[in-house]
Every structure is written in structure tokens, then in C-alpha cells.
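Colleague: What follows is a single structure, and I will ask about it in a moment.
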Amino acid sequence: MSEISMPLCWRRETKPHQFCPGCGHGLILKALGMAVDRLQIADKVLFGCDIGCSLLAWDFFNLDTVRTHHGRTVPLIVGAKRVRPELVGIAYMGDGGAYAIGAQHLVNATMRNDKVMVVIVNNTTYAMTGGQLAPTTLPGQKTETSPAGRRTEREGFPLRGPEMLAAIAPPGSYVARGSVSRVRRLARLLEKGLENQLQGRGISVVEALSTCPTNWRTNAEDTWKFLEKEMTDYFPLGEFVSPHDRAGGAPKVNGNSRKGGG
Ligand SMILES: Cc1ncc(C[n+]2csc(CCOP(=O)(O)OP(=O)(O)O)c2C)c(N)n1
Ligand code: SF4
């Protein structure tokens, strides 16, 4: 299928990527590359990747790229964008980086409506460090630090990041959630986020549900089931805030219905 062939902004030389087999990062990066290609903005993009498995994206693209400290990709890209407003700033990070150690940056950038795009990889775990409990770990999900499964009475409920940001998102912002199970749709959400930035409207935040079979300790079939059933039930796909919403900030779900506790 021509539409999901290799994006032009990917590096031309052949070299092995470093993600584990079955990892969702490659699909998200492919979707992002498709969006950058469609908008023909490769020469304007500054791509920032966080610490975590997202850092393995540092040499994927023929894009100007910077690696940052854990959770600090948003302020770095915001700073670059303020100094060089002609750049298209993309912060690429995991759910731990975005919703735990870097949560204050994400919240403040959203409140300020900084004109950057944040792409958050939700794989329900701290993947690079061996699969510890993350803000997005599902109730009952086993991790290295919750071997009996997440107990909501002790560890709380998982964070629905886009829904939280939708509650404070100013007019002109764009907040959505896609999934590696729908790559073309994810590419479209990322394209809309980039268009929002190009039009100078406000911040764009796109969360992507992703797979981590290594830390989930799942085979191919169970990996896909966990993504399609448990994760998608708890984290509904859809657009939560669109720059065309007059009021901004009014949460709106265009995808699955909300399910799950919390
Ligand atoms: C300031 C700081 N604290 C902790 C770490 C250790 N650390 C490296 S990666 C990581 C977890 C990354 O998880 P996440 O952001 O969800 O990304 P993923 O690996 O799942 O893609 C942690 C805690 C670090 N590098 N820097
Ligand atoms: S540990 Fe998980 S997120 Fe990291 S590369 Fe492997 S499968 Fe992907």
C-alpha cells in the first residue's frame, strides 16, 4: 500500500532500529513521518525526544533532532520555538516523561497555549528502565513495582492525560488520542496537530496508545488484545479539543465511549 510506505523524511541509509520486536514506537514514528511528509515541513521541524525508549528515535529521521533530560522535552522545544518561531517544534516522549516527572511542564505549556506539538507514547509503563508502574498503568496490571497488580486504593487510578488537558486547554489548542492499531488515523491526528501549529493557533497534544511486549511479557496475540481491549476501553480514542471549538477547553470525545473506573 503506497500510503504506508517509508516516509520521505526517514533516513535513507539502512541501519537496524533499536526497538524490541512488536514495539509500537516504530508505528508512531512512521505515522509522524507520514504527517511531516504530507505537510512538506521536514526542513522546518525541530524534533525533540525524551529520555526513555523514545530516545531511540534520535536518529530515525532526516530532521533536526535534540535529546533532552527525562520529562524536559516540552520546555526545551517551547524555548526553541520562542527563539525561532518559524520552527515546527515536536516533543516526543513517553507517558512517564509526560505525565509524571514532566507533568508540570505539560500542564504549564497547555495553560500558556505554547505553539508546539507534544506526542505522548502511552505504553502503560516505564519501559526503558524495566517496566515499572507508570501514571497510565491500568488497574490490576502487573509491573516490576506492582507485582500483584495496580491497586487503585494504594496507587490511585491511571491518568487519562488528554482528558485532563482538555479541561484546561485554551481556545486554539488541539488534544487527541490515537493508537498504533490505527496508523493512518494516527497519522491524520498528528497532521492536524502540526497544521494547528503551522496556523499559529496553539498547543497540540496527541497521545498514542502503544505496545511494549517486552515489559508486558506478552506474545503477539496477547499484546494486541491488551492494546485493543483493555487499553482502548480505559483510554478512549478520539479528539477531545479541536481548535475550531469556540469555547476551547470543553472536553469532547468523538471516539469510543468512556469506560473504566477512575
Ligand atoms: C531525571 C531522571 N530521572 C530518572 C531517570 C531514569 N529513567 C530513564 S528512562 C525512565 C522511564 C521512562 O519511561 P517513559 O517516560 O514512560 O518512557 P518509555 O521508556 O516507556 O518510552 C526513567 C525513570 C532519568 N534518566 N532521569
Ligand atoms: S522496552 Fe518496550 S517500549 Fe522499549 S523498545 Fe522494547 S517494546 Fe518498545
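The values are calculated or read from the model by the stated rules, or taken from the named source; none is laboratory data. Here the structure is a predicted model, which is why all the values come from computation and not from measurement. Virtual Cβ from ideal backbone geometry, glycine too; neighbours counted across all protein chains shown.
Colleague: Output the qualifying pairs, or none if there are none: Cβ atoms under 6 angstrom, residues six or more apart or on different chains, first residue in the stretch 118-131 and on the phi < 0 side of the Ramachandran plot, second residue among the small types (Gly, Ala, Ser) and more than 10 Å from ligand 2 (Cβ to nearest atom).
Modeller: If the second residue must be among the small types (Gly, Ala, Ser) and more than 10 Å from ligand 2 (Cβ to nearest atom), the pairs left are VAL118/ALA91; ILE120/ALA98; VAL121/ALA208; THR125/ALA134; TYR126/GLY96; TYR126/ALA134.
Colleague: Under 6 Å by Cβ, and 6 or more places apart or on different chains, what pairs join a residue from the stretch 34-63 that is in contact (Cβ under 8 Å) with a residue 40 or more places away in the chain and farther than 24 Å from ASN215 by Cα with one that is within 16 Å of ligand 1 (Cβ to nearest atom) and part of a loop (DSSP other than H, G, I, E, B)?
Modeller: Every condition considered, the pairs that remain are GLY48/THR68.
Colleague: Going by the structure shown, is PRO243 at pLDDT below 95 and either farther than 22 Å from ARG150 by Cα or away from ligand 2 (no atom under 16 Å from the Cβ) (or both)?
Modeller: Yes, satisfied.
Colleague: Got at least one residue in the stretch 44-56 being part of a strand (DSSP E or B) and surrounded by fewer than 21 Cβ atoms within 10 Å (Cβ to Cβ)?
Modeller: yes
Colleague: Is it true that PRO139 is away from ligand 1 (no atom under 11 Å from the Cβ) and either under 30 Å from HIS244 (Cα atoms) or modelled with pLDDT under 95 (or both)?
Modeller: So PRO139 fails the test.
Colleague: Taking the residues in the stretch 74-87 that are surrounded by fewer than 24 Cβ atoms within 10 Å (Cβ to Cβ) and β-branched (Val, Ile, Thr) as candidates, determine which candidate is farthest from ligand 2 (Cβ to nearest atom).
Modeller: Applying the filter and picking the extreme gives VAL83.
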